[in-house]
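This report refers to the structure that appears directly beneath it.
The values are calculated or read from the model by the stated rules, or taken from the named source; none is laboratory data. Owing to the predicted nature of the structure, the values given are computational and were not obtained by experimental measurement. Backbone-built Cβ (ideal geometry, glycine too); neighbour counts: all protein chains shown.
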Amino acid sequence: MSLKVLVTSTSFGKMIKEPVELLNNQSYEIIWNKLGRPLKEKEVMERVKEIDAYIAGLDDITARAIEAADKLKVISRYGAGVDNIDIEAATKKKIVVTNTPEANTEAVADLTFGLILAVARHIPQADRSAKRGEWRKFFGRGVSGKTLGIVGMGRIGKAVTRRAGGFRMKVVYWDCRREINIEKEVQGEYVDLKTLLQKSDFVSLHLTLTKETRGLIGKEELKLMKPTAFLINTARGPIVNENALYEGLRDRVIAGAAVDVYSNQLPKDSSLLSLDNIITTPHMGAYTYESIMNMGMMSVKNVIDVLNKRRPKHVVNPEVYES
């Protein structure tokens, strides 16, 4: 009997077939997500029974969902973030959780800097205006020589910082720990969050979503920012209080924002969409050919390693191997 692999990521195998071929070469039975969206808790519970491996997107993989799995050996997250997975519950059941932390770094950093330029110079608005046959002049703000505040100096934060060097930007950053090497490389300055918000012309978020970072940027934090400043979020939607952001943009507390992530990943009813000083993109940070290829191949190799009793490279819960 072949091993069963549940694949729920909505982009896995859609444009790039090599990861699917790698799975097929192992003679696994692939169970696809046919809903075209991330699964809710109950939907995960219904699908994980008798599944050996799980290539997961942004599904609600809660403790109850994990408890419903009777054969599951690995949850291979197709992406870097694992905040949608109950890691503690998986560890208790000896289920290995893996991710692909290096696969999309450059792609997300590219989009981040693209959004910085776009929001500063009103590029999307100018494009729409020109296509309507208008010839308006859009009065923007320069990027070169300005101060960029990086909130979260991980892989993506570092990659954005390096891009800022080409624009002679001054970099300040805040993280739970200092990154001396990046300070030396780009002459970055480590500051507290309050100082970063006060000094920065552009604030770019690159944090994982945790209990501590949920709602980190709210009404009071936005008030600390310059009225000419811009907020960029390509990390996780709930890091920013969306109601506070809406009010801050509406009342011109800050000049503008650009977001690729949302509290609700299908933000059709979000009040943010009614504003003209925000750029919104549909969580496309990782969507380059190179990134999707890397994520696909890494997530499949993680599955193959675990099912063949090998330790994969990127294990989120190494405790499963310690007992």
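Summary table below
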| item | result |
| --- | --- |
| Answer from 114, 142 - the residue that is outside any loop (DSSP other than H, G, I, E, B) and either in the same structural domain as residue 200 (by TED's automatic domain parsing) or at pLDDT 95 or above (or both) | 114 |
| Candidates 179, 185, 134, filtered to the one that is touching a Gly at 6+ places or on another chain (Cβ under 9 Å) and surrounded by fewer than 17 Cβ atoms within 10 Å (Cβ to Cβ) | 185 |
| Test: residue in segment 227-245 that is assigned by TED's automatic domain parsing to the domain that holds residue 159, touching a His at 6+ places or on another chain (Cβ under 7 Å), small (Gly, Ala, Ser) and closer than 21 Å to residue 113 by Cβ | yes |
| Condition check for residue 268: in the same structural domain as residue 39 (by TED's automatic domain parsing) and assigned to a loop (DSSP other than H, G, I, E, B) | no |
| Residues of segment 117-135 that turn out to be part of a helix (DSSP H, G or I) and either within 16 Å of residue 201 (Cβ to Cβ) or polar (S, T, N, Q) (or both), as a count | 7 |
| Within segment 208-237, tally of residues that are part of a loop (DSSP other than H, G, I, E, B) and either surrounded by fewer than 23 Cβ atoms within 10 Å (Cβ to Cβ) or in contact (Cβ under 8 Å) with a residue 60 or more places away in the chain (or both) | 16 |
| Residue match in segment 142-156 (condition: crowded, with 17+ Cβ neighbours inside 10 Å, within 20 Å of residue 213 (Cβ to Cβ) and out of contact with any Ser or Thr (no Cβ under 9 Å at 6 or more places or on another chain)) | no |
| Of all residues in segment 161-176 being part of a loop (DSSP other than H, G, I, E, B) and touching a residue at least 12 places away in the same chain (Cβ under 8 Å), the one that is surrounded by the most Cβ atoms within 10 Å (Cβ to Cβ) | 169 |
| Single residue of 61, 116, 85 found to be among the β-branched types (Val, Ile, Thr) and farther than 30 Å from residue 279 by Cβ | 61 |
| Every residue from segment 31-63 that is in contact with a helix residue (DSSP H, G or I) (Cβ under 6 Å, 6 or more places away or on another chain) and either touching a residue at least 60 places away in the same chain (Cβ under 8 Å) or surrounded by fewer than 20 Cβ atoms within 10 Å (Cβ to Cβ) (or both) | 41, 45, 53, 55, 60, 62, 63 |
| Test result for residue 291, under 20 Å from residue 31 (Cβ atoms) and among the hydroxyl-bearing types (Ser, Thr, Tyr) | no |
| Breaking point among (1) under 16 Å from residue 208 (Cβ atoms); (2) at pLDDT 95 or above; (3) charged (D, E, K, R), for residue 168 | (1) |
| Evaluation of residue 64 against (1) modelled with pLDDT under 95; (2) more than 20 Å from residue 297 (Cα to Cα) (one fails), failing number | (1) |
